[in-house]
1. Residues of segment 190-228 being of a type outside the set (Val, Ile, Thr) and assigned to a strand (DSSP E or B), which ones?
2. Could you pull out every one of the helices (runs of 4 or more DSSP H) wholly within segment 94-187 that has 1 or more residues that are within 30 Å of Ala6 (Cα to Cα), touching a His at 6+ places or on another chain (Cβ under 9 Å) and of a type in the set (Ser, Thr, Tyr)?
3. Can you name the strands (runs of 3 or more DSSP E) wholly within segment 229-301 that have at least 2 residues being under 15 Å from the mean Cα position of the chain (by Cα)?
4. Testing Ala84 on (1) open to solvent by 40 Å² or more (accessible area, probe 1.4 Å); (2) in contact (Cβ under 8 Å) with a residue 40 or more places away in the chain, one condition comes back false. Which one is that?
5. Answer yes if at least one residue in segment 205-217 is open to solvent by 40 Å² or more (accessible area, probe 1.4 Å), aromatic (Phe, Trp, Tyr) and within 20 Å of the chain's Cα centre (by Cα), and no otherwise.
6. Is it the case that some residue within segment 364-387 is over 30 Å from Gln186 (Cβ atoms), at pLDDT 95 or above and not in a strand (DSSP E or B)?
7. Looking at Arg131 and the list (1) under 20 Å from the mean Cα position of the chain (by Cα); (2) more than 18 Å from Gly254 (Cα to Cα); (3) at pLDDT below 95, which single condition is not satisfied?
8. Out of segment 133-178, which residues are closer than 20 Å to Leu209 by Cβ and open to solvent by 10 Å² or more (accessible area, probe 1.4 Å)?
Amino acid sequence: MRQADAVIIGGGPAGLAAAVELYHKGITDILILERESSLGGILKQCIHDGFGLSRFGETLSGPEYAQRFIDQVEELKIPYITDATVIRLTGDKKVYAASREGIIEIQAKAVMLAMGCRERTRGAISIPGERPAGVWTAGVAQSYINLQNKMVGREVVILGSGDIGMIMARRMTLEGAHVQAVFEIQPYASGLPRNIEQCLRDYDIPLYLSHTVTDILGKDRLEGVVVSQVDEKLQPVPGTEKTHHCDTLILSVGLIPENELSLEAGVTLDDRSKGAVVDENYQTDVEGIFAAGNVLHVHDLVDFVSMEAEKLADAMARYIREGGLPPCELDIKTDGNVTHTIPQKVSGKKSFRLAMRVRRPMKDGAIEITQDGKTVKRYKFKKALPAEMIQIPVEAEKLNGEAPLEVNVIC
């Protein structure tokens, strides 16, 4: 069994950023394990621009953004193994991976979970009907077009207003397809406002809220979909059915953190974020196992993924050098207007940045963080959307280190 100070599972934007930061913090015995044939994660297929403004101060395409970190990994000679699928992770930080050379066994001092997320499929949302060809998730369709130069369809309907779905509406249009519409089951869009403007309105692609696909038509190849309006309980309204003839249905109905390995290692997951429960150091409740990026909670910008991973690396380096970190025993509780927070536990003795999302669109409100009935932070907003992650710095001198924190949205 090999030994390593730090093993990073995943060579996407989170894993790469953490590896570089760990090296700069003096932890050089690092190994990155990536299951695909090259580093970069999902960014390899995201050929549109808009990445890097927060992290690098300039706009980059997905491959360009990833290459910035890959170049640093290569320059620093940080070891990595591609085509290596981690098949087991234990609570005592033993990592087992299947590679071209066979099974790799590594005993790590610390492990970073950076596996990213996967798309929800048709089965996850239980659309009835046949199973013809022509039904794709947005990420798979993007991979076929951008990486393999293969067109997936010509007459397109998109279900879900997630960012990838809206970006694919634009991409399909630019490739000559006709995108009839984007349908969203919620009464509000689930993607970023900038993508509504740049990907839909700029190309005259309609967005219908409170609509969903209720039937799929066709046997061998998709021939059409039935779309219905939904009520306030998200149930189809009888009599509102409308058939849209198409050969392609693209699903952009949400992302789920990849946490099978986390569960195997005994890591506790948050029912709300679907990622690990972590403290202010991004350490899970299994000592020495850390998590950041989309495996922890789904981000709206990749820049935030990398910056979160760099904060993790700082804490992970201290853990490796000192053999542990101070306990974080104070829970962060929320009201019903908050979907989740990162972190979920803090020490109350250290400054931290609270990341959170609201459950529904809100205007002219405030987020209050209280402890023992006293307000330690008040964050005012003109507009808050579920699609946009809110980040609030909380200073240590305002915390008492003894009572749990509460996050409430006042609107």
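1. Scanning segment 190-228 gives Leu207, Tyr208, Leu209, His211, Asp215, Leu217, Arg221, Gly224, Ser228.
2. In segment 94-187, no matching helices (runs of 4 or more DSSP H) lie anywhere.
3. Result: 255-257.
4. If we test Ala84 against (1) open to solvent by 40 Å² or more (accessible area, probe 1.4 Å); (2) in contact (Cβ under 8 Å) with a residue 40 or more places away in the chain, just (1) comes out false.
5. The answer is no; no qualifying residue exists.
6. no
7. (1)
8. Those that are closer than 20 Å to Leu209 by Cβ and open to solvent by 10 Å² or more (accessible area, probe 1.4 Å): Gly162, Asp163, Ile164, Ile167, Arg170.
The values are calculated or read from the model by the stated rules, or taken from the named source; none is laboratory data. Because the structure is predicted, anything quoted here is derived from the model rather than measured. Cβ coordinates were reconstructed from backbone atoms using ideal geometry, including for glycine residues, and neighbour counts include every protein chain displayed. To get the accessible areas, we keep the full protein, side chains included, count just its heavy atoms, and leave off ligands, DNA and RNA. Shrake-Rupley method; radii C 1.70, N 1.55, O 1.52, S 1.80 Å.
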